[in-house]
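Inspection log for the structure reproduced underneath, given as structure tokens.
The values are calculated or read from the model by the stated rules, or taken from the named source; none is laboratory data. Values in this document were obtained by computation on a predicted structure and should not be read as measured data. Heads up, the Cβs are rebuilt from the backbone with ideal geometry, glycines too, and the neighbour counts pull from every protein chain shown.
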Amino acid sequence: MTREPQTRQVDRSTARVFWIRALQCAAMMEEALNRRQWEAAGVNAVHAAISANDAVLSALRGLKPASADHKDAARVLMSQLKDEDAQKAGKRLGVIVAKKSRVEYDDKRFTEKEARSIILDTRRFLEWAKSIIPKEFQ
């Protein structure tokens, strides 16, 4: 039996704050990629995806994940949005967030290959998020 991830209620208008944060992190991700700063690119990719997820959930459901475990973010998304595209996006978010410890805390350098992989996943997650977040929250 799996536990239900913790969430907290938020005003739907906070979606815009989370979306702007996601876009700022994504911009820094792209800049770091261009500068060949793989760790910075990876860290910003993770945070862009987490913020985009917060934007989606706050806009559509008025809630956001409240767990200290960032892996719960994907579980919350998949439990709240049941359509096939959301389930794919949730799995993609899970892959991104699973790399958080590797890029932020590991004592080995994050490689170009790893950075390009997480950036591709984050770009795709952001494209999906943009397609589902109502325009008034973007």
- Could you tell me whether the stretch 2-13 includes any residue that is of a type outside the set (Val, Ile, Thr), touching a residue at least 40 places away in the same chain (Cβ under 8 Å) and assigned to a helix (DSSP H, G or I)? no
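How many residues does the stretch 91-123 contain that are out of contact with any Lys or Arg (no Cβ under 8 Å at 6 or more places or on another chain) and not in a helix (DSSP H, G or I)? Spell out the reasoning first.
Going through the stretch 91-123, the residues out of contact with any Lys or Arg (no Cβ under 8 Å at 6 or more places or on another chain) turn out to be 91, 93, 95-96, 99-109, 111, 113, 115-117, 119-120, 122-123.
From what's left, not in a helix (DSSP H, G or I): 99, 106-109, 111.
Number satisfying all stated conditions: 6.
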- Go over the candidates Ile96, Ile50 one by one and state the one that is modelled with pLDDT of 95 or more, touching a His at 6+ places or on another chain (Cβ under 7 Å) and closer than 24 Å to Glu114 by Cβ. Ile50
- Task: For the stretch 41-72, name all the residues that are in contact with an Asp or Glu (Cβ under 8 Å, 6 or more places away or on another chain), aliphatic (A, V, I, L, M) and under 20 Å from Thr14 (Cα atoms).
- Result: Val46, Ala49
- Message: Between a residue in the stretch 63-79 that is under 12 Å from Glu4 (Cα atoms) and any residue that is assigned to a helix (DSSP H, G or I) and of a type in the set (Asp, Glu), which pairs come within a Cβ distance under 9 Å, given they are 6 or more apart or on different chains?
- Response: Pro65/Asp54; Pro65/Asp72; Ala66/Asp72; Ala73/Asp54
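Within the stretch 54-69, does at least one residue satisfy the condition of being surrounded by fewer than 19 Cβ atoms within 10 Å (Cβ to Cβ), under 20 Å from Pro134 (Cβ atoms) and hydrophobic (A, V, I, L, M, F, W, C)? Before you say what the answer is, go through the steps one by one.
Taking the stretch 54-69 and keeping what is surrounded by fewer than 19 Cβ atoms within 10 Å (Cβ to Cβ), we get 60-63, 66-69.
Those left that are additionally under 20 Å from Pro134 (Cβ atoms): 60-63.
Next cut, hydrophobic (A, V, I, L, M, F, W, C) only: 60, 63.
Yes, the stretch 54-69 contains a residue that is surrounded by fewer than 19 Cβ atoms within 10 Å (Cβ to Cβ), under 20 Å from Pro134 (Cβ atoms) and hydrophobic (A, V, I, L, M, F, W, C).
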- Which numbered condition trips up Val76, out of (1) under 17 Å from Phe18 (Cβ atoms); (2) modelled with pLDDT under 95; (3) in a helix (DSSP H, G or I)? (2)
- Filter the stretch 99-115 down to residues that are in contact (Cβ under 8 Å) with a residue 12 or more places away in the chain and exposed (fewer than 14 other Cβ atoms within 10 Å of the Cβ) and give me whichever is nearest to Val43 (Cα to Cα). Glu104
- Message: Please verify whether Asp85 is in a helix (DSSP H, G or I) and crowded, with 17+ Cβ neighbours inside 10 Å, treating the condition exactly as stated.
- Response: no
